[in-house]
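Have a look at the structure below, then the notes.
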Amino acid sequence: MRLLAAAALAASLAWPFIALAQAAQPADAPSLSWQFGAPAVPPDGGWTAERGRILAVDGTVRLQPDPNRRVVLVSPPGLPDAVRHAERFVVAVEGTGLRRVRVQGRRDERGGWITLADAAAGKGLREGPDGFVLKRAGARGAPIERLRIELEFRTTNPRTLRRIAAAGASPIAKAGQ
């Protein structure tokens, strides 16, 4: 029932992401997820490119890095409270050569960007079955109005973006606390 209520709320507010009800999901399930190329969702999920380009191509979303091999994505505004409590961020990009990911958030439209997670290849950036996973490092519990995700690649080759998610704490992390 809660899952249906969350889906109805997301649809009624025309949010371009899929809200998942926490009570209906395991503790490590996404709190918030953008599935790019999914039916009934704008192709770019409402995300914009601050650097590089984000392009809808044949039902997929392609990232085109700038000449400095970077893409900086900015989420749609008005994110729900689920992002405030996220402990992990997942970025699913097809292909190889991702060198660094930095996730930032801001509290309101006039605020500056606060780094929530930052990882480089070989230094905290790990790839899981659902994409590259970053552990949150700062600003826990802070309201987040928007996310900003910086991606640095080894080359300027375009890549397909499949998913971005903000997830709750993993059961392993909870057991270790």
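Thr96 - would you say it is outside any strand (DSSP E or B) and hydroxyl-bearing (Ser, Thr, Tyr)? So Thr96 fits the description; yes.
Return the residues of the range 122-171 that are within 11 Å of the chain's Cα centre (by Cα), among the aliphatic types (A, V, I, L, M) and under 23 Å from Asn68 (Cβ atoms); say none if nothing qualifies. Once the filter is applied, which keeps residues that are within 11 Å of the chain's Cα centre (by Cα), among the aliphatic types (A, V, I, L, M) and under 23 Å from Asn68 (Cβ atoms), the range 122-171 yields Leu134, Leu147, Ile149, Leu161, Ile164.
Rundown of residues vs (1) farther than 25 Å from Thr156 by Cβ; (2) out of contact with any Gly (no Cβ under 9 Å at 6 or more places or on another chain), yes/no style:
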{"position": "Pro80", "(1), (2)": "yes, yes"}
{"position": "His85", "(1), (2)": "yes, no"}
{"position": "Val90", "(1), (2)": "no, no"}
{"position": "Glu94", "(1), (2)": "no, yes"}
{"position": "Leu116", "(1), (2)": "yes, no"}
{"position": "Ala119", "(1), (2)": "no, yes"}
{"position": "Leu134", "(1), (2)": "no, no"}
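Restricting Asp66, Asp118 to residues that are assigned to a loop (DSSP other than H, G, I, E, B) and charged (D, E, K, R) narrows the list to Asp66.
Gly97 falls short on exactly one of the conditions (1) open to solvent by less than 20 Å² (accessible area, probe 1.4 Å); (2) on the phi < 0 side of the Ramachandran plot; (3) of a type outside the set (A, V, I, L, M), and that condition is (2).
Screening Val103 on (1) open to solvent by 30 Å² or more (accessible area, probe 1.4 Å); (2) not in a loop (DSSP other than H, G, I, E, B) shows it passes everything except condition (1). Scanning the range 123-162 for residues that are open to solvent by 80 Å² or more (accessible area, probe 1.4 Å) and of a type outside the set (A, V, I, L, M) turns up Lys123, Arg126, Glu127, Pro129, Asp130, Lys135, Arg140, Arg154, Asn157, Arg162.
Pairs are defined by a Cβ separation below 9 Å, a sequence spacing of at least 6 or placement on different chains, a first member in the range 94-115 that is farther than 21 Å from Lys135 by Cα and in contact (Cβ under 8 Å) with a residue 24 or more places away in the chain, and a second member that is of a type in the set (Phe, Trp, Tyr) and not in a loop (DSSP other than H, G, I, E, B); the pairs so defined are Gly95/Phe153.
When the residues of the range 36-54 are narrowed to those that are modelled with pLDDT of 80 or more and open to solvent by less than 60 Å² (accessible area, probe 1.4 Å), which ends up farthest from Glu150 (Cα to Cα)?
Gly46
The values are calculated or read from the model by the stated rules, or taken from the named source; none is laboratory data. Fair warning: this is a prediction, and the values are worked out from it, not measured in the lab. Positions of Cβ are generated from backbone atoms using ideal geometry, with glycine treated the same way; all protein chains shown enter the neighbour counts. Protein only, heavy atoms only, side chains kept; ligands, DNA and RNA dropped before computing areas. Shrake-Rupley method; radii C 1.70, N 1.55, O 1.52, S 1.80 Å.
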